[in-house]
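Here's the structure we're looking at; comments come further down.
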Amino acid sequence: MEETKTSGQLSLAIPSKDSPEATSSQMTAKKTPEAGASLSSASLLSSNLVLTCVDTQIDPNQATGVGLAGIGKSVATSKINDNTSSDSNSNSNSKKSRPSLWYAIYFPQLGKLDDLQQKDALTDLAAKAISVSSTVSFHELALVCEIRSSLGYFGGINLLHDKLKGVLSTALIAMDQPEHFFYASSPTVSGSLLLARAGQNKLVYQKSNLRSALGTLPVDVLNLSKEQNRRLYNMGIRHLKDIWRLPGDGIRKRFGSEFMDQLNKALGKAQEPTLNYLPPPTFSSSYDLPYELENLDRLLPIVDEIIGQLCDFLTRRDLSTSHLMFSLFHEKRSPTCIEISLRQTSRSSTHFLLLVETYFHNLTIPAAVIAISLVVNQFDAFFSHTDSLLLDGRPDATSRENNLNQFMEQLKARLGDNYLKGISCVAEHRPEYASACVDINTHTKKNSIKKYTQDKVATRPRPIWLLEKPEELVEKNSRLYHRKAISIISGPERIETAWWADHDVRRDYYIAQEVSGSRLWIYRERSGERRWFLHGYFS
Amino acid sequence: MNSYISAPDSLQAKAGNASGHIDQLLNSNPNLWRGCDMAGQGFHGHSTGFSQLDSILPGKGWPQKGLMEVISPQWGMGELQLLLPLMRSVIDSGKWILWISPPHSVYAPALVQAGIDTNQILVVKIDASCKDALWSMEKAFQTENCGLVLAWQNWLPGTVLRRLQLAADTGNTLGVIFKKNECKHSPSPTRLQIKESSLQKDHFSTAQVTVLKARGNFRSLSTDIDLYSHQLA
């Protein structure tokens with residue numbers, strides 16, 4: 001498999017310089033074509049276990065040089081040959097207890113986003129990463145997956161990485177982010193994170209090798225405060241291994257226990273609780289009818305049953321929903337979809353059923369129904385409404401609000417969004433734009449905390465009816481006629497605005513009275529033919 | 001005409017315990033009503049905001065519930081000005097107003113000028129089918145959140161009116177149907193018809209309002225009202 005993909009392949013075994021007794025895992029690293037010929041981007045190190053930590057290091061230049069080369073564009077793929085590992089001791093260990101292997105993925109590009117966007121982006125990425133591991137946890141700009149359990153399934157870390165790289169790259173591109181990321185794998189969560197953060201795309205299999213692998217990292221990866229960094233620098237500490245040379249007690253006193261905990265966690269000496277990603281719940285249920293149904297009323301008992309399942313689902317998880325998607329399937333036709341969106345989340349089966357019934361009432365189906373399905377993807381926490389103790393059977397504010405919402409949802413279900421509107425004022429001088437139809441879902445009482453905004457409204461009288469299209473008036477013998485003769489009562493009110501826009505307005509408005517008794521709002525153009533128009537009824 | 005409305009007040013003032021008890025008994029049953037005394041029998045209306053109109057309406061104001069027809073020869077005769085005070089009180093009590101198929105677009109700034117919060121107004125557009133419009137009217141009567149339903153329907157069969165009347169009565173809601181043409185033999189659900197026409201040709205600001213039919217009135221009464229008094233003439 002390697003041969004087919006790689007342009008150059010090098011196999012490097014990194015022997016420990018000063019501990020010949022330790023065996024080195026043999027590994028092969030392949031160079032991806034993009035990496036360029038300058039340096040092998042392979043950054044795989046598995047250095048050896050040495051008990052005396054003082055001199056156990058690989059030449060830092062070599063290590064970081066190798067690691068950082070991969071940062072630019074490409075992400076090196078690493079390969080380890082399990083069978084050649086001669087470390088029989090730890091091999092047998094791993095067989096016994098199967099220590100977990102944590103795969104950290106670090107996305108430095110997300111640092112530009114604000115907190116909320118970061119969270120959203122990480123959640124999206126975690127939803128992709130869940131394809132390779134059942135445990136994905138959130139960290140700062142990073143995700144960590146447990147992959148030991150899925151190595152066998154995917155056939156090795158290389159294939160697993162290829163798969164992950166594919167899905168994460170497409171997800172990052174979809175977010176308009178650069179598609180590169182850093183990764184590292186080690187037996188501890190923090191260890192993997194530190195390695196990934198250092199940009200060293202490393203794989204460390206054995207816990208015993210962690211110390212030497214981490215030792216070469218600069219202290220920057222610990223994400224310390226400026227003051228702490230300065231103190232470490234003044235103490236002559238540049239790498240993590242320098243810290244390990246110092247007595248633990250002293251460090252703990254000077255830098256606090258959190259600092260030591262982080263290091264201990266990285267080495268696997270302390271427990272690491274993680275915040276795991278939980279995929280959002282979805283509900284889907286479908287029912288194949290035993291025979292074709294033309295009459296939608298006959299479908300209602302089945303809908304009732306499906307809604308019952310949904311309500312059970314919601315009750316068990318303590319959720320409620322505001323968005324239901326029914327699909328009615330037909331033979332040789334595309335399915336009819338019914339989207340029910342609610343003003344307020346609910347889990348009441350009677351309410352759902354009533355809405356479906358209302359939707360069905362207006363629905364014409366192209367063909368007989370052979371199957372029905374319900375999919376619900378959006379959920380909210382369930383808030384039950386409490387009744388007050390001293391109510392005396394009178395409905396309180398929340399139940400009134402509920403009734404109102406149910407009433408509006410029912411109206412919306414029957415009439416459709418386009419036919420049911422709320423109205424609101426807009427701060428605008430042009431009369432035809434000063435009133436707007438708004439969607440009832442956004443048109444709630446909460447908007448009216450400001451109370452009605454008198455200041456937004458013109459001070460001169462305005463008509464209750466406004467004609468969508470002004471009607472032209474007839475002028476005969478210097479008298480105006482609509483249906484009957486019109487005489488002007490008051491005016492003019494000059495409205496001259498929006499010359500910068502396409503629909504500029506230059507009008508003189510008058511209040512007028514028709515002989516029959518209607519009070520009218522009329523205007524005369526101030527430009528062009530200076531025609532008269534009827535614009536509204538005071539009614 | 002005012003005599004039989006003011007009569008019970010004077011009676012009650014004179015009456016002792018016994019007659020008070022009788023009144024109480026009479027008033028306790030809503031199905032029992034005496035034509036001569038609407039105000040004293042729980043038919044307390046919403047004040048219309050126009051004192052002349054209050055004086056000719058039984059119950060001294062709009063009925064609390066039921067169906068009302070407002071007839072005007074054409075839209076825009078001032079029929080909404082007549083209802084503005086009622087709308088204001090409905091909105092202030094926290095209830096909603098449903099406008100069903102108004103002939104033109106409802107202009108929010110005018111309502112705000114009249115002191116009506118547009119956040120509690122729902123409009124069913126005119127292009128909704130008549131069946132849907134009537135259905136939503138009935139549904140609105142049934143919810144307690146709707147305080148007033150305004151509908152523009154020119155012709156409705158008696159059975160439909162009767163059904164709406166029942167819904168409005170049980171839902172404790174007032175429904176107003178605006179019509180263009182008067183139907184003399186409009187079936188019973190209609191309680192109140194108000195006809196408007198300008199009284200004097202040279203003085204435009206007054207309109208003639210006639211109560212053609214109302215529970216408690218024996219004959220039609222009419223009055224002249226200055227509908228646009230709050231606006232500058």
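Looking at region A:483-525 only, could you name the residues that are part of a strand (DSSP E or B), within 14 Å of another protein chain (Cβ to nearest Cβ) and not aliphatic (A, V, I, L, M)?
Going residue by residue through region A:483-525, those that are part of a strand (DSSP E or B) are A:485-497, A:505-514, A:519-525.
Filter once more, keeping what is within 14 Å of another protein chain (Cβ to nearest Cβ): A:485-493, A:495, A:509-514, A:519-522.
Once the filter is applied, which keeps residues that are part of a strand (DSSP E or B), within 14 Å of another protein chain (Cβ to nearest Cβ) and not aliphatic (A, V, I, L, M), region A:483-525 yields A:SER487, A:SER490, A:GLY491, A:PRO492, A:GLU493, A:TYR509, A:TYR510, A:GLN513, A:GLU514, A:ARG519, A:TRP521.
Scanning region A:277-296 for residues that are touching a helix residue (DSSP H, G or I) at 6+ places or on another chain (Cβ under 9 Å) and not small (Gly, Ala, Ser) gives A:TYR277, A:PRO279, A:PRO280, A:PRO281, A:PHE283, A:TYR287, A:LEU289, A:LEU293, A:LEU296. For region A:252-264, the condition of being touching a Gly at 6+ places or on another chain (Cβ under 7 Å) and either surrounded by 14 or more Cβ atoms within 10 Å (Cβ to Cβ) or in a loop (DSSP other than H, G, I, E, B) (or both) holds for at least one residue. In region B:94-111 there is at least one residue that is part of a loop (DSSP other than H, G, I, E, B), surrounded by 19 or more Cβ atoms within 10 Å (Cβ to Cβ), within 10 Å of chain A (Cβ to nearest Cβ) and more than 20 Å from the chain's Cα centre (by Cα). Residues in region A:231-286 that are polar (S, T, N, Q) and over 30 Å from A:ILE302 (Cα atoms): A:ASN234, A:SER257, A:GLN262, A:ASN264, A:GLN271, A:THR274, A:ASN276. Are any residues in region A:341-368 part of a loop (DSSP other than H, G, I, E, B) and among the hydrophobic types (A, V, I, L, M, F, W, C), and if so, which ones? Within region A:341-368, A:LEU363, A:ILE365, A:ALA367, A:ALA368 meet the criteria. Inspection of region A:179-197 identifies at least one residue that is surrounded by fewer than 20 Cβ atoms within 10 Å (Cβ to Cβ), farther than 24 Å from A:LEU267 by Cα and not aliphatic (A, V, I, L, M). Looking at region B:113-209, the strands (runs of 3 or more DSSP E) lying wholly inside it that each contain 2 or more residues that are within 14 Å of chain A (Cβ to nearest Cβ) and at pLDDT 85 or above sit at B:121-124, B:146-152, B:174-179.
The residue of region B:62-79 that is nearest to the chain's Cα centre (by Cα), among those that are within 14 Å of chain A (Cβ to nearest Cβ) and not in a loop (DSSP other than H, G, I, E, B), is B:VAL70. Out of curiosity, is A:PHE329 crowded, with 16+ Cβ neighbours inside 10 Å, touching a residue at least 24 places away in the same chain (Cβ under 8 Å), in a strand (DSSP E or B) and of a type in the set (Phe, Trp, Tyr)? When the stated conditions are applied, A:PHE329 passes them.
For region A:192-246, give me each residue that is of a type in the set (Lys, Arg) and farther than 18 Å from A:TYR103 by Cα. A:LYS226, A:ARG230, A:ARG231, A:ARG238, A:LYS241, A:ARG245 - these are the residues of region A:192-246 that are of a type in the set (Lys, Arg) and farther than 18 Å from A:TYR103 by Cα.
Could you say whether any residue in region A:149-169 is of a type in the set (Gly, Ala, Ser) and under 19 Å from A:VAL189 (Cβ atoms)? Steps first, answer last, please.
Initial filter on region A:149-169 (of a type in the set (Gly, Ala, Ser)): A:149-150, A:152, A:155-156, A:166, A:169.
After this cut, where a residue has to be under 19 Å from A:VAL189 (Cβ atoms) as well, the list is A:149-150.
Checked against the condition, which is being of a type in the set (Gly, Ala, Ser) and under 19 Å from A:VAL189 (Cβ atoms), region A:149-169 yields at least one hit.
In region A:177-200, how many residues are more than 22 Å from A:ARG238 (Cβ to Cβ), of a type in the set (S, T, N, Q) and part of a loop (DSSP other than H, G, I, E, B)? Looking only at that region, the number is 2.
For region A:391-400, the count of residues that are at pLDDT below 65, assigned to a loop (DSSP other than H, G, I, E, B) and within 10 Å of chain B (Cβ to nearest Cβ) is at least one. When restricted to residues that are of a type in the set (Gly, Ala, Ser), surrounded by fewer than 13 Cβ atoms within 10 Å (Cβ to Cβ) and touching a residue at least 24 places away in the same chain (Cβ under 8 Å), region A:332-388 contains 1. Return yes or no: is B:GLY61 small (Gly, Ala, Ser) and at pLDDT 75 or above? Spelling it out, B:GLY61 is indeed small (Gly, Ala, Ser) and at pLDDT 75 or above.
The values are calculated or read from the model by the stated rules, or taken from the named source; none is laboratory data. Predicted, not measured: the structure shown is a model, and the values here were computed from it. Note that we place each Cβ from the backbone using ideal geometry, even for glycine, and neighbour counts take in every protein chain shown.
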